[in-house]
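Bear in mind that the values in this text are calculations on the coordinates, not laboratory data. Model, not experiment: these values are computed from the prediction. A quick note on method: Cβ atoms are made from the backbone with ideal geometry, for glycine too, and the neighbour counts reach across all protein chains shown.
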Amino acid sequence: MLKTSLQGMFLTALAVLMFTASGCTFCSSGVSLGILSVPIPVSPYFQDKKEDEALAERYSKMKILDPIPEGRPHVAEDAPSDDQIMRKFHEIHNVRGNWPALYEVQHNDIIIVKEKVQDIVDPVRVLPLVGPVQIHHSHWVCKVYYTEVIRNGWPIPHTIKNEEKMEVIKIDLDHAHRAGNVAPADGG
C-alpha cells in the first residue's frame, strides 16, 4: 500500500514538472495582466519630449565644484559628451521631414574628435545664492566626420553618397569652483 502511494506521488510530481516545464501553460508564463499585457507603442514625439526634459535637467544647472588646490593646475577634466555634440549637430543639420521612399537624408559612420581650445579660470567673485566662486571656462572644438547619404525616390530614383563630410562644432562648458579663504575687501 505504501509502495503504490509513493509511486503515485512520484508519478504525479513528475507529470506536474513535465507539464510546467513545457512552456505551454500558465505556470511558466507568470502573472497575466489581461489586456494590459499587450505592449503599446510610444510615439517618437513623446520619446523625444522625455529625452529633452532629461537633458534640460542634466545640463541646465551649473556645477559647483570644490576649490582648486594650491599648486595644482586648473585643468577642465570633463569634455563635452557625445550627446551634447550630436544635439548641436542635429540643430545645424535637421533631418526631420524626410519622406520615406521619396526623399531621405541619413548621417552614417559618425566619428567625433574633441579638442580643447581654451581653459581659463576667472578671479574670485561673489555670486548671489552661491557665495565666493571662480568661474572655470573651457572652450572645445569638436569635429564630426560623417557620411551623408541622400536618397531621392522620385521622379528618377537615385542615391548620392558623400563620404568626406565634416562639421566643426564649438561648445563652451562652464562650471564654478568654490573659493577658499577669501580676504575681506576692506583689507582688515
So, VAL144, is that one of a type in the set (A, V, I, L, M) and either assigned to a helix (DSSP H, G or I) or surrounded by 13 or more Cβ atoms within 10 Å (Cβ to Cβ) (or both) or not?
yes
Do we find a residue being of a type in the set (D, E, K, R) and surrounded by 11 or more Cβ atoms within 10 Å (Cβ to Cβ) anywhere in region 54-68?
yes
Being of a type outside the set (Asp, Glu) and in contact (Cβ under 8 Å) with a residue 60 or more places away in the chain, is that true of even one residue in region 146-168?
no
Residues that are assigned to a loop (DSSP other than H, G, I, E, B) and surrounded by 10 or more Cβ atoms within 10 Å (Cβ to Cβ), drawn from region 35-53
none
Do you know which residues across region 87-98 are under 15 Å from the mean Cα position of the chain (by Cα) and touching a residue at least 40 places away in the same chain (Cβ under 8 Å)?
LYS88, PHE89
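Here is a yes/no grid of residues against (1) exposed (fewer than 15 other Cβ atoms within 10 Å of the Cβ); (2) under 17 Å from GLU77 (Cα atoms):
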| position | (1), (2) |
| --- | --- |
| HIS136 | no, yes |
| ARG151 | no, no |
| THR159 | yes, no |
| ASP174 | yes, yes |
Any residue in region 71-78 that is surrounded by 12 or more Cβ atoms within 10 Å (Cβ to Cβ) and assigned to a loop (DSSP other than H, G, I, E, B)?
yes
